[in-house]
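Novice: First the structure, then my questions, so here it is.
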């Protein structure tokens with residue numbers, strides 16, 4: 001008779017631990033997969049955000065996708081682990097994006113220019129860029145370490161510049 005009680009208590013303990021973890025994640029303000037619009041007004045004032053100037057955009061065709069990640073090995077460039085995403089039509093030359101962040105902390109930005117707008121990565125057409133402009137080569141398969149792309153955001157706007165690269 002004591003066995004069902006023990007199992008019930010263990011299950012209750014696991015449920016409480018899961019709730020504690022969920023509330024901790026919520027307290028940190030990190031939710032994943034938020035598609036937002038490019039709102040320049042969000043980069044005015046004293047809110048944590050990143051003002052991204054992207055240069056070297058090859059053509060005014062297709063889509064620019066800008067994604068914000070936590071700077072952690074468990075999140076950086078992992079499918080579905082982006083915090084915010086902005087998708088907008090590409091404009092040749094230079095574009096500016098305002099990316100709000102959930103709180104002050106360490107982040108990384110990845111940008112892709114889907115030049116033909118087909119929603120797929122075409123290695124011979126599409127371009128890309130990342131915060132801190134790390135070198136991209138065959139050895140890192142275009143996936144530099146999160147440490148090379150990391151930057152700090154305080155309680156204000158953080159300006160960064162990213163140069164697009166095409167293969």
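Novice: Can you tell me how many residues in the stretch 24-47 are within 18 Å of the chain's Cα centre (by Cα) and either modelled with pLDDT of 95 or more or not in a loop (DSSP other than H, G, I, E, B) (or both)?
Specialist: Start the filter on the stretch 24-47 by keeping residues that are within 18 Å of the chain's Cα centre (by Cα), which leaves 25-26, 28-40, 42-43, 47.
Narrowing the set further to residues that are either modelled with pLDDT of 95 or more or not in a loop (DSSP other than H, G, I, E, B) (or both) leaves 25-26, 28, 32-38, 40, 42-43.
The qualifying residues number 13.
Novice: Please work out which one of (1) over 11 Å from the mean Cα position of the chain (by Cα); (2) loosely packed, with under 15 Cβ neighbours inside 10 Å; (3) modelled with pLDDT of 95 or more is the condition residue 51 fails and give its number.
Specialist: (2)
Novice: Checking residue 45 against (1) closer than 20 Å to residue 136 by Cβ; (2) surrounded by fewer than 12 Cβ atoms within 10 Å (Cβ to Cβ), only one condition comes out false. Which one?
Specialist: Of the numbered conditions (1) closer than 20 Å to residue 136 by Cβ; (2) surrounded by fewer than 12 Cβ atoms within 10 Å (Cβ to Cβ), the odd one out for residue 45 is (1).
Novice: Also, quick follow-up: How about the stretch 63-81: which of its residues are outside any loop (DSSP other than H, G, I, E, B) and within 21 Å of residue 165 (Cα to Cα)?
Specialist: Going residue by residue through the stretch 63-81, those that are outside any loop (DSSP other than H, G, I, E, B) are 63-70.
63, 64, 65, 66, 67, 68, 69, listed by residue number.
Novice: Another question, if that's okay. Are any residues in the stretch 56-77 more than 19 Å from residue 127 (Cβ to Cβ) and either surrounded by 14 or more Cβ atoms within 10 Å (Cβ to Cβ) or in contact (Cβ under 8 Å) with a residue 24 or more places away in the chain (or both), and if so, which ones? Walk me through it before giving the result.
Specialist: First, pick out the residues of the stretch 56-77 that are more than 19 Å from residue 127 (Cβ to Cβ): 70-76.
Hits for the stretch 56-77 are 70, 71, 72, 73, 75, 76.
The values are calculated or read from the model by the stated rules, or taken from the named source; none is laboratory data. These figures come from a predicted structure and were not determined experimentally. We place every Cβ from the backbone using ideal geometry, glycine too, and count neighbours over all the protein chains shown.
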